[in-house]
Amino acid sequence: MGLRSFVSMGALALALTAGSAARVSAWSLEEAAKPYAGTTVDVVFLLRPGYEAAEQMIPEFTEKTGININITKLPYENALGEQVRDFVAGGDLDIALIDLVWIGNFAENGWIVPAETFTSNPDLADPDLDMEDFFPLVLNAFGGWGDTIYGLPFDNYSGLLFYNKCMLQDAGFDGPPQTWTDVMEVYGPALTKDGKYAYALQSKRNETQSADSFARFLWPFGGSFLDDTFHSNLMSPESQAGLKFRQDLMKYMPDGIVSYDHAEAVNALAQGDVAFITEWSAFYSTLKNPDTSQITDCLGIAPEPTGPAGRKPALGGFSLAVASQADEKEQAAAWLFIQWVTSKANAETYLRKGGVPARQSVYEKPGIAEEFDFVPALVESWQEGVPEFRPRFAEWPEITEIVQEWGTKMMLGEVTTEEGAQEIGDRMEAVLDKAGYYDGSKPLLQ
Amino acid sequence: MTSRVRRRTLLAFIGPSVLALALIGIGPLIFAIWTSLHFYNLTKLKQVHFTGLENYVTVLTDPIFWDAMGRTFLLLGIALPVQIALGLGTALLLHQPGLGFLKTLTRLALVLPMATTYAVVGLLGQVMFNVKYGVVNQLLGFLGFDQINWIGDPDNAFIAVVFWDVWQWTPFVALVLLAGLTTVPGEIEEAARLETKSWWKVLRYVQLPFLVPGLVAVLILRTADTLKLFDMVFTMTRGGPGNATEFISLLIQRVGFRAFDQGLASAQAIILLVITIVLSQIYIRVFYKEVR
């Protein structure tokens, strides 16, 4: 009896394994999508190059699957509000587009479904999904909250130094600045002349002020928004050193830098008005396109300069996750799309159309690093990034508003860096206290 | 019987309007009052709870709210007199006899700024006031002036908003006052002109009494418009730099839809509503007496 049971169990296991192997080998997108043909998946896209790239790829997906992708295009600043209102009202969105600083908010509200729900479903999970192929930092920061992965990295950024090689050569430099001290002491004075400026730091009062300007000068100088107990760290000597450095560096930036958003900063470099900018990798295609840039032949790309605490470049980007408000069919169709558009197989196509994939394998392909000259800097930056570059908890939308307001006031000289940091710190702590981080009712996750 | 029918008829005519008003005006207002008394954050709906007047206390003791309110009234205090002065001047010019075709063309042209969507005006402003590529600085350059950093400097950004508001709404004031001037009986105006050569006396004693109703309408409408001014500033400066152009409606939008604190934003909006009602009462008491 015992032996017979053992043999039967073995046979059953063998049959299941064989069946599963057969199913794995037989998995195809077309077959997996058959039950969902005709389903429409609603998603928000931004007005940025990575989304245009994906949009060009979508007809192929629809042709293969019969699943329609309905895109609502929004500027970044409207994307969070639109999605929050849609999820609160139980609207139409089937996919959540998640900036890394929104992930805590979306996950804590239960608006998104853990990826494991789909990766554990053999009918939906592509055997070639290979989650380990994503850059770990990017997967965890953009798509993960706590120990759970919700979204797959889709539109992926790291801060890079884009520079005008010709301007630098004319001023006698062989290469870009390696450290922020070089920027301040050597490159800034040499390149700010004749109506041209060394550097443009996009600092408009929106997320750009928080992410691109304020945070960029905290981390490389050893500062941070919060300490280990979740109290403000902005008055620490390191944070203050970074903020003061930003203030001093403004003399090498164009007037009115607080009104510069990404478009203005990229344009300033593209038109030859500034020698370098620190911008998201996503703007590579804009700067490399002769229709939008006059410096295509002079464009150089390097990792951001290092500070006393290391490089710690700006980290930002978006993942796509399945929305929990979608019905079962829409969720399955949404997952198939997310899995397909972020897949290893499509990474090169996405890259060639102007996107920046987070797949390690694509950057290892021969010739890619030579053809797309931002790749080495990007890969290096993703090794040295900080996931909590901006805290990713649910309270960030409130805190970023405070940072934007007082960060801009600092730059305008309306308050000192100490006064501004104190104000941000007090207000930030009030938000965190109200949320329950100090009485132990919320875990210190960021 | 007759009176009952009349009542029904009245109800049939008035009922739909009252219903529509209740649905789109009164209902949301009651909801706003309810949310203003609660902790009501769109991203924390599980934590909604009654907080009494806490949101009101927060607003009333928040210097940012009063700064935004002060900025809004400063805009009103600068832009409205300029609009009235320029509008009156334009109306008087168009009221002069002769040049019929040119005046018709001018009247048509005056409608254009008003017909332009606020958001488009703001976007145009963003482009036209661009420090490097904007047409405003190009024109200043032709005249030999240095470039002005319009949107990146707090004072200049405020001036740019005032300029744009004056550009868009002076025509409205001009058209209202022109309509007022046409109500002055021709024989009285003609007689007055025979009596005196002073245009000021004609304006003060003959034309102005006919302009007062129009001026009251302008005051009330422009005050209400300025208090809720949003689209143009949002698209042009987003309230910046710093909070140089963060007027009260931009602050409420920021709190309610970017920080998602609907409770606090509702309290701000209710306080703004109270201020608007008080102002309207003042206008009505002071100026309507004049009209009568």
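Name the single residue that is surrounded by the most Cβ atoms within 10 Å (Cβ to Cβ) among those in region B:17-74 being in a helix (DSSP H, G or I), among the hydroxyl-bearing types (Ser, Thr, Tyr) and within 14 Å of another protein chain (Cβ to nearest Cβ). Please lay out each step first, then the result.
Taking region B:17-74 as the starting set, the residues that turn out to be in a helix (DSSP H, G or I) are B:17-36, B:42-47, B:54-60, B:63-74.
Right, trim to among the hydroxyl-bearing types (Ser, Thr, Tyr) and you get B:17, B:35-36, B:43, B:56, B:58, B:72.
Remaining after also requiring within 14 Å of another protein chain (Cβ to nearest Cβ): B:35, B:43, B:58.
Details: B:35: 22, B:43: 25, B:58: 16.
Out of the qualifying residues, it is B:43.
What's the number of the condition residue A:382 fails, among (1) within 14 Å of another protein chain (Cβ to nearest Cβ); (2) assigned to a helix (DSSP H, G or I); (3) not charged (D, E, K, R)?
That leaves (1) as the condition not met.
Residue-wise test of (1) of a type outside the set (Gly, Ala, Ser); (2) under 22 Å from residue B:261 (Cβ atoms); (3) modelled with pLDDT of 90 or more.
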{"site": "A:391", "(1), (2), (3)": "yes, yes, yes"}
{"site": "A:394", "(1), (2), (3)": "no, yes, no"}
{"site": "A:400", "(1), (2), (3)": "yes, yes, yes"}
{"site": "A:403", "(1), (2), (3)": "yes, yes, yes"}
{"site": "A:410", "(1), (2), (3)": "yes, no, yes"}
{"site": "A:413", "(1), (2), (3)": "no, no, yes"}
{"site": "A:418", "(1), (2), (3)": "yes, no, yes"}
{"site": "A:426", "(1), (2), (3)": "yes, yes, yes"}
{"site": "A:442", "(1), (2), (3)": "yes, yes, no"}
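Any residue at all in region A:130-147 that is surrounded by fewer than 16 Cβ atoms within 10 Å (Cβ to Cβ) and either among the polar types (S, T, N, Q) or within 12 Å of chain B (Cβ to nearest Cβ) (or both)?
no
Give region B:248-292 a look and list any residue that's within 14 Å of chain A (Cβ to nearest Cβ) and in a loop (DSSP other than H, G, I, E, B), or say none.
B:259, B:260
Show the residue pairs that are 6+ apart or on different chains and have beta-carbon atoms under 7 Å apart, the first residue being within region B:147-174 and within 23 Å of residue A:258 (Cα to Cα) and facing another protein chain (nearest Cβ under 9 Å), the second being among the hydroxyl-bearing types (Ser, Thr, Tyr) and surrounded by 24 or more Cβ atoms within 10 Å (Cβ to Cβ).
Close Cβ pairs satisfying both conditions: B:151/A:259; B:151/B:237; B:152/A:259; B:157/B:237; B:157/B:245.
Within region A:171-191, can you find the residues that are in a helix (DSSP H, G or I) and either buried (at least 20 other Cβ atoms within 10 Å of the Cβ) or not assigned by TED's automatic domain parsing to the domain that holds residue A:277 (or both)?
A:180, A:183, A:187, A:188, A:191
Restricting region A:398-414 to residues that are over 30 Å from residue B:44 (Cβ atoms) and not acidic (Asp, Glu), which is farthest from the other protein chains (Cβ to nearest Cβ)?
A:413
It is to be established whether one or more residues within region B:137-144 are polar (S, T, N, Q), over 21 Å from the mean Cα position of the chain (by Cα) and either outside any loop (DSSP other than H, G, I, E, B) or at pLDDT 95 or above (or both).
Looking through region B:137-144, at least one residue is polar (S, T, N, Q), over 21 Å from the mean Cα position of the chain (by Cα) and either outside any loop (DSSP other than H, G, I, E, B) or at pLDDT 95 or above (or both).
Which condition number in (1) within 26 Å of residue A:83 (Cβ to Cβ); (2) modelled with pLDDT under 95; (3) assigned by TED's automatic domain parsing to the domain that holds residue A:241 is the one that residue A:194 fails?
All conditions are met except number (1).
The rows are residues; the columns are (1) away from every other protein chain (no Cβ under 14 Å); (2) surrounded by 21 or more Cβ atoms within 10 Å (Cβ to Cβ); (3) closer than 20 Å to residue A:350 by Cβ.
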{"residue": "A:57", "(1), (2), (3)": "yes, no, yes"}
{"residue": "A:62", "(1), (2), (3)": "yes, no, yes"}
{"residue": "A:75", "(1), (2), (3)": "no, no, no"}
{"residue": "A:88", "(1), (2), (3)": "no, no, no"}
{"residue": "A:93", "(1), (2), (3)": "yes, yes, no"}
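Filter region A:240-277 down to residues that are of a type in the set (Val, Ile, Thr) and away from chain B (no Cβ under 12 Å) and give me whichever is farthest from residue A:294 (Cα to Cα).
Restricting to residues being of a type in the set (Val, Ile, Thr) and away from chain B (no Cβ under 12 Å), the top hit is A:277.
Of all residues in region A:86-101 being modelled with pLDDT of 95 or more and outside any loop (DSSP other than H, G, I, E, B), which is farthest from residue A:39 (Cα to Cα)?
Ranking the candidates gives A:98 first.
Of the conditions (1) buried (at least 18 other Cβ atoms within 10 Å of the Cβ); (2) over 23 Å from residue B:77 (Cβ atoms); (3) free of Cβ contacts under 8 Å to residues at least 40 places away in the same chain, residue B:201 clears all except one; give me its number.
Every listed condition holds for residue B:201 apart from (1).
Scan region A:99-128 and report the pairs whose first residue is more than 14 Å from chain B (Cβ to nearest Cβ) and of a type outside the set (A, V, I, L, M, F, W, C) and whose second residue is buried (at least 21 other Cβ atoms within 10 Å of the Cβ) and in a loop (DSSP other than H, G, I, E, B), with Cβ atoms within less than 6 Å and a gap of 6+ or a chain change.
Matching pairs, first to second residue: A:114/A:150.
Among the residues of region A:102-120, count how many are touching a helix residue (DSSP H, G or I) at 6+ places or on another chain (Cβ under 8 Å) and assigned to a loop (DSSP other than H, G, I, E, B).
Going through region A:102-120 one residue at a time, the tally reaches 4.
Taking the residues in region A:278-289 that are of a type in the set (Ser, Thr, Tyr) and in a helix (DSSP H, G or I) as candidates, determine which candidate is farthest from the other protein chains (Cβ to nearest Cβ).
Selected residue: A:281.
Would you pick out the residues in region A:206-230 that are out of contact with any Pro (no Cβ under 7 Å at 6 or more places or on another chain), of a type outside the set (Val, Ile, Thr) and assigned to a helix (DSSP H, G or I)?
Across region A:206-230, the qualifying residues are A:207, A:209, A:210, A:211, A:212, A:213, A:214, A:215, A:216, A:217, A:219, A:220.
The values are calculated or read from the model by the stated rules, or taken from the named source; none is laboratory data. The structure displayed is predicted, hence computed values, not measured ones. Virtual Cβ from ideal backbone geometry, glycine too; neighbours counted across all protein chains shown.
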